[in-house]
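Read-outs: derived from the displayed coordinates by stated rules, not from any lab. Because the structure is a prediction, the values reported are computed rather than measured. Cβ coordinates were reconstructed from backbone atoms using ideal geometry, including for glycine residues, and neighbour counts include every protein chain displayed.
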Amino acid sequence: MKHNFGAGPCLLPPEVFAEASQAVLDFNDTGLSILEISHRSEEFEAVIEEAEALVRSLLDIPNDYSVMFLQGGGSQQFAMIPLNLLAEDKTAAYLDTGIWAKKAIQEAAKIGHAEVIASSAGASYSYIPKDFIVPTDAAYLHYTSNNTVYGTEWFETPKSSVPLVADMSSDIMSKQIDVSDFGLIYAGAQKNLGPAGVTVVIMKNELVGLSGRSIPKIFDYNEHIKAKSLYHTPPVFAIYVMLLNLRWLKRLGGIAYISNKNAIKAEMLYDEIDQNPLFIGTSAREDRSRMNITFLMRDKMGGSAFLKKADDKSRFLKLVEDNGIVGINGHRSAGGFRVSNYNALPISSMKVLVEVMQEFARKY
Ligand SMILES: *Cc1c(COP(=O)(O)O)cnc(C)c1O
């Protein structure tokens with residue numbers, strides 16, 4: 001087995017892969033594959049009900065919220081949110097903290113008025129803005145709770161008097177949150193919940209129809225809520241594998257357990273980055289993400305971040321590869337390295353990576 005630090009689709013626990021493969025051959029002794037059962041069957045109804053119940057219990061979701069399992073990824077939500085929540089005579093407020101936040105802003109601006117109230121773009125998105133004023137008449141405030149590409153994370157939920165909308169694609173269920181702080185939470189499953197193909201949306205019911213717009217049914221939250229995520233064929237297999245992963249998380253002790261484990265793994269790597277003379281972290285210390293850890297290689301001599309020659313990077317990557325580590329190259333737009341520390345990543349994998357970094361420092 002490899003040590004997979006890829007940013008997404010993510011690794012899942014080995015037992016989830018094993019159970020999922022079995023269900024492809026014979027789902028719950030039905031004599032049918034999970035890939036061929038009807039999404040209207042009793043068997044699948046039980047799957048979707050259990051998945052919703054687990055999302056609700058793991059995140060302790062209040063009763064006046066709906067949970068939806070949709071297709072289209074996090075990216076489709078960039079458009080669905082303004083379509084559903086942004087009235088024509090209103091403005092939506094956005095916090096710009098990275099590539100995904102920017103894409104959400106661009107989509108909202110095509111649909112209505114979107115205003116960026118704070119941005120860290122001028123500093124290569126290396127920190128989380130702390131000083132901003134949310135207009136009290138904004139339709140909503142949108143932010144990205146973890147910035148997958150740049151390795152920064154919000155450790156405090158932004159204060160907002162208007163409905164708060166959060167893209168939690170890369171940190172949902174990695175730590176405790178209070179759902180009642182939010183109007184809407186969305187997350188593509190493939191960063192921390194399951195395989196690609198399903199997107200979880202958690203929405204306060206009072207926000208239904210807020211924009212007053214006439215929108216295609218497929219993009220209308222109300223249609224999906226009314227149909228209990230069966231407005232059309234849902235991503236059956238992706239929902240099932242997500243269910244297996246949610247059961248795994250519940251079995252281990254839920255968010256309290258996993259949040260602690262994630263913190264331990266992140267600290268192991270940040271300690272090594274800070275101690276090792278060949279590496280340097282790229283994000284502001286207080287905003288360092290526990291999910292996506294970004295760093296650069298530097299010259300031994302320099303206190304500042306002198307980039308090492310390309311052949312040093314490839315020498316490191318060779319050592320990494322020889323040790324069965326995959327997926328640590330930085331995002332194409334950010335460079336350097338990015339190590340993703342999602343829920344299913346074992347502590348033992350992080351230990352291997354840290355040892356490889358130590359070995360590299362000894363040798364070069
Ligand atoms: C990956 C990612 C997205 C995009 O998700 P898709 O499912 O590929 O559309 C959006 N937001 C964040 C924070 C992400 O990490």
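Using the beta-carbon distance between Glu355 and Lys130 and R0 = 45 Å, what value does 1/(1 + (r/R0)^6) give for FRET efficiency, to the nearest 0.05? Don't skip to the end; give the middle numbers.
Details: r = 36 Å, r/R0 = 0.80.
About 0.80, to the nearest 0.05.
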(request) Considering the options Val47, Ile328, Val116, tell which one lies farthest towards the positive end of the dipole of the chain, charges being +1 on Lys and Arg and -1 on Asp and Glu at the Cβ, about the Cα centre. (result) Ile328
(request) Calculate the spin-label point distance for His113 paired with Ser214, positioning each point 7 Å from the Cα along the beta-carbon direction, and give it in nanometres. (result) 2.4 nm
(message) Springs between alpha-carbon pairs under 10 angstrom, Gaussian network model over the chain: which of Ser174, Ser126, Ser160 fluctuates most?
(response) Ser160
(request) Please find the FRET efficiency linking Leu35 to Ser57, where r is the Cβ-Cβ separation and R0 is fixed at 30 Å, and quote it to the nearest 0.05. (result) 0.60
(message) Distance between the C-alpha centers of the stretch 1-35 and the stretch 152-186? Whole Å please.
(response) 29 Å
(request) Report the paramagnetic label zone for Val24: residues of the stretch 183-213 whose backbone N is under 17 Å from a point 7 Å from Cα along the Cα-to-Cβ axis. (result) 194-198
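Enumerate by residue number the chymotrypsin sites (Phe, Trp or Tyr not before Pro) in the stretch 155-260 meeting two conditions: DSSP loop (anything except H, G, I, E, B), and at most 15 other Cβ atoms within 10 Å of the site's Cβ. Please report the intermediate quantities before stating the final value.
On the way: sites: Phe155, Phe182, Tyr186, Phe219, Tyr221, Tyr231, Phe237, Tyr240, Trp248, Tyr257; in loops: Phe155, Phe182, Tyr231.
Those that pass, being in a loop and sparsely packed, are Phe155.
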(request) Please find, in a Gaussian network model of the chain (springs between Cα atoms separated by less than 10 Å), the residue of Leu243, Leu12, Leu32 whose mean-square fluctuation is greatest. (result) Leu32
(message) Using Cβ contacts closer than 10 Å as the measure, can you line up Ile264, Ile255, Ile185, Ile172 from fewest to most?
(response) Ile264, Ile255, Ile185, Ile172
(message) Can you tell me the length gained on complete extension of the stretch Asp322 to Phe17, counting 0.36 nm per residue apart and subtracting the Cα distance?
(response) 107.4 nm
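Can you bin the chain into rounded, prolate or oblate? Criterion: square roots of the alpha carbon gyration tensor eigenvalues sorted a ≥ b ≥ c, rounded for a/c under 1.5, prolate for a/b above b/c, oblate for the rest.
Details: a/c = 2.21, a/b = 1.25, b/c = 1.77.
It comes out oblate by the Cα gyration axes.
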(message) Cut-off is 10 Å between beta-carbons; in what order do Asp287, Asp29, Asp60 appear when sorted fewest neighbours first?
(response) Asp29, Asp60, Asp287
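Order of Glu267, Glu107 from fewest to most other C-beta atoms within 10 Å? Working shown, then result.
Working: Glu267 13, Glu107 19.
Ranked by crowding around the Cβ, least crowded first: Glu267, Glu107.
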(request) Please work out whether the stretch 1-81 counts as rounded, prolate or oblate from its C-alpha gyration tensor, where a ≥ b ≥ c are the square roots of the eigenvalues and a/c under 1.5 means rounded, while otherwise a/b larger than b/c means prolate and anything else oblate? (result) oblate
(request) May I ask for the distance between the Cα centers of the stretch 200-249 and the stretch 67-101, given as a whole number of Å? (result) 14 Å
(message) Running a GNM on the chain with Cα contacts under 10 Å, which residue among Val339, Val116, Val67 ends up with the highest mean-square fluctuation?
(response) Val116
(request) Place a +1 charge on the Cβ of each Lys and Arg in the chain and a -1 charge on the Cβ of each Asp and Glu, then give the dipole magnitude about the Cα centre in debye, rounded to the nearest 20. (result) 1180 debye
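With a/c under 1.5 counting as rounded, go ahead and sort the stretch 68-194 into rounded, prolate or oblate using the C-alpha gyration tensor (a ≥ b ≥ c being the square roots of the eigenvalues; past the cut-off, prolate if a/b is larger than b/c, else oblate).
Working: a/c = 1.35, a/b = 1.11, b/c = 1.21.
It comes out rounded by the Cα gyration axes.
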(request) Please identify the longest segment of the chain free of exposed trypsin sites (Lys or Arg not before Pro), where exposed means a DSSP state other than H, G, I, E or B and no more than 15 other Cβ atoms within 10 Å. (result) 160-299
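Subtracting the Cα-Cα distance from 0.36 nm times the residue separation, let me have the gained length for Gln275 to Lys103 in nm, one decimal.
Working: separation 172, 0.36 × 172 = 61.92 nm, distance 3.54 nm.
Between Gln275 and Lys103, full extension yields 58.4 nm more.
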